[in-house]
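Encoded as structure tokens, the structure appears first; notes follow it.
The values are calculated or read from the model by the stated rules, or taken from the named source; none is laboratory data. Please read all numbers here as calculations on a predicted model, not as lab measurements. Cβ placement follows ideal geometry from the backbone for every residue including glycine, while neighbour counts extend to all protein chains displayed.
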Amino acid sequence: MEQTQTTYGVSFFPKTERTKIKTGNALLYCRITVKGKPTDFSLQKTIDKTVLKTAKGKGKSNDPDVLKLRHFLDQVKGKVTHHYDELKLRNQPITGEILKIKLLGLEQNTNSLCELFSYHNKTCGLKRGTVKNYLTTFAYIQNYLKAKKRTDILLSELDYAFMLEFGNYIANNPIDPLNPLTNNGTMKHLERTRKVGGLAVKMGWLKHHPFRQFRLKFDKVQRSYLSDTELAAVEVLAFNDPMLQLVHDLFVFACYTSPHYSDTINLKREEIVEGVDHTPWIRQQREKNAEPVLIPLLPISISIIEKYRNDPRAIARGTVFPYVSNKTVNDKLKIIGYIAGHPRPLRFKDARHTFATTVMLTNGMPIESVSKMMGHTKISTTQIYGEIVAAKLSEDMKNLRQKLASK
């Protein structure tokens, strides 16, 4: 191989296809090797193997065919060197595949991962919170590339090994060193990367999904919720601090109604309607999946709504509750949980889990009704909560024993 730089080289070799090319002739192939990794491709030119052997040699020749082929080979080497120097000058990634694409004029296939992620995040149409998660994943990709001393990577370079290396990088290099990722946190970033890889196929930027063989491995997580006793300990609290009291009321409201933070804080006044039983209901579309939900309100939820009916901050927004950020809510809940003697830090999502388990399923509410109120598109999602309600299982078995005993 003739080296033009210590990091890459260009060579040529014949490749015979017996059914198409007569004996003695062959297709001319080029091999570009970058950092020891070869990329072979056809130059779409039929040559005589003997002429190629002479043209590649250093000796002089007056044979017109040899001179013509030698000139062609020099042109190819010159173009490869030109593209190599151009990429190096611009501090862009250099691989044999990239040099091949540039040499053959296939620029339309040089889409990159950063380009794909940027396109996805601008056009995906996802909710703001979900887009924020994709932006964090994109930040991890940029950090990973920076660690590799690269600014981008071609889609054609993506493969199984990339996902392994990227996942390992995420796990060991958290953006927030004080808040390292769990295995599931790492898997979520890889899951988003995998979904964006699928977009490349849909866009026609890739023929095959680069991560098709990669399997995500999530750890099974026990959902955190409050028991009857723990919920009661939170309910009875009252605070002189208005912000603590507001967060407390929002949390208790969600424990008895089920909405996520965004659905709770953005609950509109007109979304409180009269139900078929002539009591107040929530009629709302979930922000996460636009699934319509109908939730009959329990007395404690109605009393909390009434508490903020005349709040000028809520009136100005046209919502049931004044605005408070998700971060502030979870920060204040840690304080509330500590005061209530809760064994672990409270999070707003614990309210939704408490609604499904302690308030609904444990008290015998049919899982189909719970699923409808929670806005789940599949009942299998709700069944996850059913699996963790040991108290409900105990009660069901107690009733079964009584029925069997009566027989």
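So the values come out like this:
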read-out	value
Of all residues in segment 95-118 being at pLDDT 80 or above and surrounded by fewer than 18 Cβ atoms within 10 Å (Cβ to Cβ), the one that is nearest to Gly9 (Cα to Cα)	Leu104
Qualifying residue in segment 80-90 (condition: closer than 14 Å to Thr193 by Cβ, touching a residue at least 12 places away in the same chain (Cβ under 8 Å) and aromatic (Phe, Trp, Tyr))	no
Scan of segment 91-145 for residues that are without any contact (Cβ under 8 Å) to a residue 60 or more places away in the chain, polar (S, T, N, Q) and within 30 Å of Leu28 (Cα to Cα), ordered by number	Gln108, Thr110, Ser112
Close pairs (8 angstrom Cβ cut-off, 6 or more residues apart or separate chains): of a type in the set (Val, Ile, Thr) in segment 335-362, part of a loop (DSSP other than H, G, I, E, B) and surrounded by 23 or more Cβ atoms within 10 Å (Cβ to Cβ) anywhere	Ile336/Leu346; Thr354/Tyr225; Thr354/Leu226; Thr357/Tyr225; Thr358/Tyr225; Thr358/Leu226
Some residue of segment 381-393 being in a helix (DSSP H, G or I), modelled with pLDDT of 80 or more and on the phi < 0 side of the Ramachandran plot	no
Qualifying residue in segment 277-300 (condition: hydrophobic (A, V, I, L, M, F, W, C) and in a helix (DSSP H, G or I))	yes
Residues satisfying the stated conditions in segment 196-215, i.e. surrounded by 14 or more Cβ atoms within 10 Å (Cβ to Cβ) and either β-branched (Val, Ile, Thr) or not in a loop (DSSP other than H, G, I, E, B) (or both)	Val196, Gly197, Gly198, Leu199, Ala200, Val201
Residues (assigned to a loop (DSSP other than H, G, I, E, B), within 27 Å of the chain's Cα centre (by Cα), among the charged types (D, E, K, R) and modelled with pLDDT under 90) located in segment 341-370	none
Test for Phe218: is it within 31 Å of the chain's Cα centre (by Cα), of a type in the set (A, V, I, L, M, F, W, C) and part of a loop (DSSP other than H, G, I, E, B)	yes
Qualifying residue in segment 254-275 (condition: exposed (fewer than 13 other Cβ atoms within 10 Å of the Cβ), without any contact (Cβ under 8 Å) to a residue 40 or more places away in the chain, in the same structural domain as Thr319 (by TED's automatic domain parsing) and over 26 Å from Arg128 (Cβ atoms))	yes
Failed item in (1) under 16 Å from Tyr8 (Cα atoms); (2) modelled with pLDDT under 90; (3) surrounded by 15 or more Cβ atoms within 10 Å (Cβ to Cβ), with Lys35 passing the rest	(3)
Any hit, segment 199-206, residues being β-branched (Val, Ile, Thr) and within 27 Å of Phe321 (Cα to Cα)	no
